[in-house]
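Report on one structure; see the data block that follows.
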Amino acid sequence: GAWKAHLQETAAAGSMSGRISDLSEGQARALATFKSRVPQEFTSDDGTYLRFLRARKFVVEDSLRQYNETCQWRKERDVDAILERPQPYEEEVHEILAAAYHGFDKEGRPLYIQMTGSMDVERLVSFPMDDLIHRHAYHNEKQIRRAQENSVKLGREIESTSEIHDMNGMGLAHRKSLSLLRTVAHIDQTYYPERLGRLFFINVPRFFYILWQIAKAWLDPATANKFVILSPNQLDRLQEYIDVDQLPMELGGTCVCPNGCFEYLGKKKVTPPAPTNGTTIDTVDKLGTPV
């Protein structure tokens, strides 16, 4: 009887989006059941509950288990206050990679851009895994805060975020980052469900596809479908998702931030390609202003 009721409720969830303003009767019932069973210390808002329900196809038991596990993880790591604390290895990471919290995609999601192909993988993986997990949680929370701020600005809910990883320069050393990537994938899928809007891998070399086949096995198919992989001659396709004024010149955009678009510069200075309008752009030699 219970199994039959579960099947009926799952079927009743229907094909609606499962967001607050777009719930089927079954989805609304699942939300009400979920809310009635959330421990008092872990209460939150309907938008948060619905992210976990969508991630588990509105099966209340599975959603609740993941939600409680997430709340416990956040409590143990004091994630709610993580943005108020200094990050470990901040100076070192400035030397290891070039990256930027920069602009928004066409859906209003905050963008994070990282020159992953040219980062110093050897140094990155030499840091303690626990500190790298802390840094990743900090990154996620910063992106979520930016999404919330843009929600207020646009007057509509922005729940997810987008990332661009430029893989130009990627080599065999990147194999050593697979363990870290697997840990990051677990954190994102378990503790941050429904937060990823799009993830772009651009300027991918052929070697990338070997590692992608390994990494793809760790991803839920719904998550993998949010990845967009572009070879060097497909860079203009970024503009289907992101307006040019939101992209740095290095990625074919038109943005020229006063202090440079990149907050983290890596070992080498980030040099934009020469603009086509006859003006010149000085090599970026200052840290950008944090968003």
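Any residue in segment 24-42 that is free of Cβ contacts under 8 Å to residues at least 12 places away in the same chain and hydrophobic (A, V, I, L, M, F, W, C) sitting within a Cβ distance under 9 Å of a residue that is surrounded by 13 or more Cβ atoms within 10 Å (Cβ to Cβ) and not in a helix (DSSP H, G or I)? List the pairs, counting only those 6 or more apart or interchain.
Listed by first residue and then by second, the contacts come to nothing, as the list is empty.
Quick check on my filter: what residues within segment 224-234 are open to solvent by 40 Å² or more (accessible area, probe 1.4 Å) and assigned to a helix (DSSP H, G or I)?
Across segment 224-234, the qualifying residues are P232, N233, Q234.
Take the residues in segment 21-33 that are polar (S, T, N, Q) and open to solvent by 50 Å² or more (accessible area, probe 1.4 Å); name whichever of them is modelled with the highest pLDDT.
So the first thing to find is which residues in segment 21-33 are polar (S, T, N, Q), and the list is 21, 24, 27, 33.
Applying the additional criterion that residues be open to solvent by 50 Å² or more (accessible area, probe 1.4 Å) yields 21, 33.
Working: S21: 81, T33: 98.
Result: T33.
Against the condition touching a residue at least 24 places away in the same chain (Cβ under 8 Å) and under 17 Å from M167 (Cβ atoms), how does I96 come out, does it pass?
yes
Does S63 count as crowded, with 16+ Cβ neighbours inside 10 Å, under 28 Å from M167 (Cα atoms) and not aliphatic (A, V, I, L, M)?
On the way: crowded, with 16+ Cβ neighbours inside 10 Å: yes; under 28 Å from M167 (Cα atoms): no; not aliphatic (A, V, I, L, M): yes.
Against the criterion (crowded, with 16+ Cβ neighbours inside 10 Å, under 28 Å from M167 (Cα atoms) and not aliphatic (A, V, I, L, M)), S63 does not qualify.
Out of segment 186-223, which residues are aliphatic (A, V, I, L, M), under 10 Å from the mean Cα position of the chain (by Cα) and open to solvent by less than 30 Å² (accessible area, probe 1.4 Å)?
L199
Can you tell me which residue among P272, P290 is modelled with pLDDT under 95 and exposed (fewer than 13 other Cβ atoms within 10 Å of the Cβ)?
After applying the criteria, what remains is P290.
Which of the following residues is hydrophobic (A, V, I, L, M, F, W, C), open to solvent by 10 Å² or more (accessible area, probe 1.4 Å) and out of contact with any helix residue (DSSP H, G or I) (no Cβ under 6 Å at 6 or more places or on another chain): L97, L83?
Only one candidate qualifies: L97.
Here is a check on your reading of the model: is R74 assigned to a helix (DSSP H, G or I), buried (at least 19 other Cβ atoms within 10 Å of the Cβ) and within 18 Å of the chain's Cα centre (by Cα)?
Values: assigned to a helix (DSSP H, G or I): yes; buried (at least 19 other Cβ atoms within 10 Å of the Cβ): no; within 18 Å of the chain's Cα centre (by Cα): yes.
Here the answer is no, as R74 does not meet what is asked.
Restricting to segment 146-184, what's the tally of residues that are touching a residue at least 40 places away in the same chain (Cβ under 8 Å), assigned to a loop (DSSP other than H, G, I, E, B) and either closer than 20 Å to K226 by Cβ or open to solvent by 30 Å² or more (accessible area, probe 1.4 Å) (or both)?
So the count comes out to 8.
Could you figure out which of (1) in a helix (DSSP H, G or I); (2) touching a residue at least 12 places away in the same chain (Cβ under 8 Å) isn't true of E61?
It is condition (2) that E61 fails.
Out of S17, S36, I need the residue that is closer than 22 Å to S160 by Cα and either assigned to a helix (DSSP H, G or I) or modelled with pLDDT under 95 (or both). Which one?
Values: S36 fails: closer than 22 Å to S160 by Cα.
None of the other options fit; the residue is S17.
Could you tell me whether segment 242-257 includes any residue that is in a loop (DSSP other than H, G, I, E, B), touching a Cys at 6+ places or on another chain (Cβ under 8 Å) and buried (at least 17 other Cβ atoms within 10 Å of the Cβ)?
yes
The values are calculated or read from the model by the stated rules, or taken from the named source; none is laboratory data. Just so it is clear, the model here is predicted, and its values are computed rather than measured. Every residue, glycine as well, gets a Cβ built from its backbone with ideal geometry; the counts of neighbours run over all protein chains shown. Please note that ligands, DNA and RNA were not included when accessible areas were found on the heavy atoms of the full protein model with its side chains. Shrake-Rupley method; radii C 1.70, N 1.55, O 1.52, S 1.80 Å.
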